[in-house]
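What follows is a single structure, written as structure tokens, with notes after it.
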Amino acid sequence: MSAVVPAAGQGEAVPVAEGSAAQWSDRYSAALMNTFGAPRRVLVRGDGVYVWDADGRRYLDLLGGIAVNALGHAHPTLTAAISAQLGTLGHVSNFFATPTQVALAERLLALAEAPDGSRVFFTNSGTEANEAVVKMARRTGRPRILALEGSFHGRTMGALALTHKPAYREPFEPLPGGVEFLPFGDLAALEAAMADDVAALVLEVVQGEAGVRPLPAGYLARARELADTHGVLLVLDEVQTGIGRTGAWFAFQHPDLGAGVRPDVLTLAKGLGGGFPIGAVVAFGSRAAALLGPGQHGSTFGGNPVAAAAGLATVGVLERDDVLAHVRELGAGLAAALAAAGPMVREVRGTGLLLAVELTAPVAAHVADLALAAGFIVNPVTPSALRLAPPLVLTADQVAPFVAFLAALDPSADPALAPEPPLAPDAPKEPS
Ligand code: PLP
């Protein structure tokens, strides 16, 4: 059992009652809507790449809050920046500007190498950033929006309309209309669909929720050409891949991913605040930047100075400590080590510290359970793949025990890890 206690030197924490993990879990189920299923653990504290549960057990956080905790947990610079801003000016309405908000917008424009006339709109999450994209697309006056099969862009109605997975969409139909899904990576389908009545083409440079699936080489460059020909907005959703995750500030800048193909609109969230909620839309050039005018969009909290301070601190530490170079080096080494980690690994996909370990059988959920019991947090992103999106400050020494854990998994000793036996040719088949 453990109480939530204040960190040293940070004043008195609001008291939180003691309780075991089981007690907190029961209270969670009784008090929170069941949108996420039962919690895997109840976490009370974090430090760097580790978190602790309510029963005092430590875990190596290889998911980083799903690609959010870029600097790990309780990073002193981020904590200090948030505290200082909150202690100075915590919130103002968007009738007013704050220096932190302006400074973060300028930093993002510079990092994205956005041309003159580019502008930023701040949100609180990724889905809200994509929601703004849908409104920008509508403002072009064109009826069609193209997205890809396997896409994930968020859960609010506009972003959900861009999200492909039927299980996420169907309970909420009718969704905003005009969205068409193209087969993933299919250039012929893209060429056939692009036309002068298309408002926007919305892509992830690497599809995260689909199991860390990069666009095929050359796809984005051709998409850019077609977007230019037809005056279509090329929108890149870098909510998951942005802010250093792949080893470049943005995946579109990474030589092996976007190879420098510039979008018209870029959406960000997740890693931007290092754990503090913030999202952003970066509109490249004056055409995209002018699509939303006064009164046409807004947000009470978007651009909040504390969130902006978190963004500035996160970006500042990544830059100061040359973390992107570290991500490139560690990511390459880790991918190679994972690919050689025993009989359960079929292949490793991904770039930088957004990796998927494709297993030899559809047992990712079971492996994630075993990993959790052994003190590692990973995500079974598809039935057969584990996603790793750890803090960008993770080190090789810290992650080595997970590689050893994976290597030690033995399908001959644990039948739950073994692939399904193939059907004998004359075996009765499931009705289809
Ligand atoms: N876009 C992408 C590519 C994502 O991965 C996510 C979240 O996983 C979202 C949008 C939605 O972001 P949020 O959960 O902050 O609304």
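We did not get these values from a lab; they are worked out from the coordinates using the rules stated. This one's a predicted model, so the numbers in the text were calculated from it and none came from an experiment. Neighbour counts are summed over all protein chains in view; Cβ atoms, including those assigned to glycine, are modelled from backbone coordinates with ideal geometry.
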For Leu203, net neighbour charge (Lys/Arg +1, Asp/Glu -1) across residues whose Cβ lies under 11 Å away = -2
For the residues Arg387, Arg58, Arg41, what sequence is obtained by ranking on other C-beta atoms within 10 Å, fewest first?
-> Arg58, Arg41, Arg387
Among His254, Ala309, Ala290, pick out the residue whose Cα is farthest towards the positive end of the charge dipole of the stretch 80-320, where Lys and Arg carry +1 and Asp and Glu carry -1 on C-beta, about the Cα centre.
-> Ala309
Expected vector for the stretch 59-69, Karplus 3J(HN,Hα) from phi with 6.51, -1.76, 1.60 and θ = phi - 60°, integer Hz, x for Gly and Pro, equals 10, 7, 8, 8, 10, x, x, 6, 6, 9, 6
Residue by residue through the stretch 90-102, the couplings from Karplus 6.51 cos²θ - 1.76 cosθ + 1.60 with θ = phi - 60°, in Hz, x for Gly and Pro, are x, 7, 9, 6, 7, 6, 10, 10, 10, x, 5, 4, 5
Using 1/(1 + (r/R0)^6) with R0 = 41 angstrom and r between the beta carbons of Ala339 and Ala195, what's the FRET efficiency to the nearest 0.05?
-> 0.45
Extended-chain gain in nm, criterion 0.36 nm per residue less alpha-carbon gap, Ile66 and Leu187 | 40.6 nm
Would you compute, from DSSP H runs of 4+ residues alone, the mean residue ellipticity of the chain at 222 nm, taking -39500 (n - 2.57) per run and dividing by the full residue count, rounded to the nearest 500?
-> -9500 deg cm²/dmol
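Based only on other Cβ atoms within 10 Å, what is the fewest-to-most ordering of Ser25, Ser286, Ser93? Write out the running numbers ahead of the final one.
Numbers: Ser25 17, Ser286 12, Ser93 9.
In order of increasing Cβ crowding within 10 Å: Ser93, Ser286, Ser25.
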Expressed in whole Å with the largest first, what are the equivalent ellipsoid semi-axes of the stretch 80-320 derived from the C-alpha gyration tensor as the square root of 5 times each eigenvalue?
-> 28, 19, 17
Work out the FRET efficiency for Ala413 and Thr300 from their Cβ-Cβ distance, taking R0 = 51 Å, and round it to the nearest 0.05.
-> 0.40
Environment charge of Gln296, counting only residues whose C-beta is closer than 11 Å and scoring Lys/Arg +1, Asp/Glu -1 | +3
When the convex hull of the C-alpha atoms of the chain is computed, what volume per residue in Å³ does it have?
-> 174
Rounded to the nearest 5, the percent of DSSP beta bridges in the chain running antiparallel is 65
Fewest first, what order do Ser151, Ser299 take by the number of other Cβ atoms within 10 Å?
-> Ser299, Ser151
Protection-proxy order for peptides 330-343, 134-147, each taking the mean of Cβ atoms within 10 Å per residue, highest first = 134-147, 330-343
Residues in the stretch 381-397 that a label on His366 would reach, taking backbone N under 14 Å of a point 7 Å out along Cα→Cβ | 383-385
Which one of Leu324, Val235, Ala396 has its Cα pushed farthest toward the positive end of the charge dipole of the chain, where Lys and Arg give +1 and Asp and Glu give -1 at the Cβ?
-> Val235
Neighbourhood charge, 12 Å Cβ-Cβ cut-off, centred on Ile243 and excluding it, Lys, Arg +1 and Asp, Glu -1 = +1
What is the gain in length, in nm to one decimal, between Asp321 and Lys165 on full extension, counting 0.36 nm per residue of separation less the C-alpha to C-alpha distance?
-> 52.3 nm
The stretch 80-320: antiparallel DSSP beta bridges as a percent of all, rounded to 5 | 40
